[in-house]
1. Considering every residue within region 93-104, establish whether at least one is surrounded by 16 or more Cβ atoms within 10 Å (Cβ to Cβ) and under 20 Å from Trp120 (Cα atoms).
2. Among the residues of region 129-156, which ones are among the small types (Gly, Ala, Ser), touching a residue at least 40 places away in the same chain (Cβ under 8 Å) and within 16 Å of Arg55 (Cα to Cα)?
3. Step by step: first the residues of region 112-126, then only those that are surrounded by 14 or more Cβ atoms within 10 Å (Cβ to Cβ) and touching an Asp or Glu at 6+ places or on another chain (Cβ under 9 Å), then the one that is nearest to Gln79 (Cα to Cα). Which residue is that?
4. Being more than 15 Å from Val151 (Cα to Cα) and among the polar types (S, T, N, Q) is the filter; apply it to region 192-224 and report the residue that is surrounded by the most Cβ atoms within 10 Å (Cβ to Cβ).
5. Is it the case, given these coordinates, that Ala176 is touching a Lys or Arg at 6+ places or on another chain (Cβ under 9 Å) and touching a residue at least 24 places away in the same chain (Cβ under 8 Å)?
6. Check region 2-12 and report whether any residue there is among the acidic types (Asp, Glu) and closer than 22 Å to Phe148 by Cβ.
7. May I ask you to say which residue of Gly200, Gly190 is closer than 23 Å to Glu34 by Cβ, free of Cβ contacts under 8 Å to residues at least 40 places away in the same chain, small (Gly, Ala, Ser) and out of contact with any Asp or Glu (no Cβ under 9 Å at 6 or more places or on another chain)?
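No lab work stands behind these numbers, since they all come straight from the coordinates. Please read all numbers here as calculations on a predicted model, not as lab measurements. Positions of Cβ are backbone-derived with ideal geometry, glycine not excepted, and every protein chain shown enters the neighbour counts.
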Amino acid sequence: MAENGIFTTQDGSHSIQSDQYGVSYHSKYGAIQESRHVFLSAGLFPKLVSQEQVRVLEIGLGTGLNALLTRLEGEQRQQAIHYTALEAYPLTLEQASLLNYPQILGIEHDLFLDLHACEWAQPHLLSSSFQFTKLQQRFEELDFNAAFDVVYFDAFAPTAQPELWEPVVLEKVVRAMAPGSIFVTYCAKGAVKRALKSLGLDVEALQGPPGKREMTRARKPESY
């Protein structure tokens, strides 16, 4: 592994190993395919089918891969996506510039680097269909009410940052979700699913991405 922590996953796309937490930002079995499977296919796509405009909240901007794939999907479909991402410890622009997602996806590098270069805490209309806002804050500081249609919960694993998966944090996330919204995460731990159920969500286990047996999707009832 290189000194900057970047390594190549099995689908050819990069991930980063966090020295601070001892875990990687994406699956070693394939960063892009994991993001597409967990967050887009299970979370975003059902809403793009049923809504003209979708509001996405990402808990953990990380490398920006989920945001990039979501941007490309909205632009391809010409559907409006308003994307808000929280990140307490962002990558530097230099780190982001080393990631190979633009090459793998066959896109202009700026489509990716825009996400890392733009100013914090300001909405940016990066294209006619993609509005992007990033907030440099801890997940525990989340303070929205019924504002989002999809939540990508992409915090580091409970083994690395257990405090981010506690009911006190998940309750803030659920409060930020609009009735009928979808919560998706790669995590399938029983304690997390039980916490989501206790907060009133309808929880289901879905087939996980390569290398992982299950993932979790939860919906906030329309009558919530």
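1. yes
2. Ser129, Ala147
3. Leu126
4. So the residue we want is Ser198.
5. Criteria not met by Ala176.
6. Among the residues of region 2-12, not one is among the acidic types (Asp, Glu) and closer than 22 Å to Phe148 by Cβ, which makes the answer no.
7. Unique residue meeting the criteria: Gly190.
Residues are listed down the side, and each one gets a yes or a no for (1) in a strand (DSSP E or B); (2) closer than 30 Å to Thr8 by Cβ:
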residue	(1), (2)
Ile107	no, yes
Leu111	no, yes
Leu115	no, yes
Ala121	no, no
Thr133	yes, no
Gln137	no, no
Phe156	no, yes
Leu170	no, no
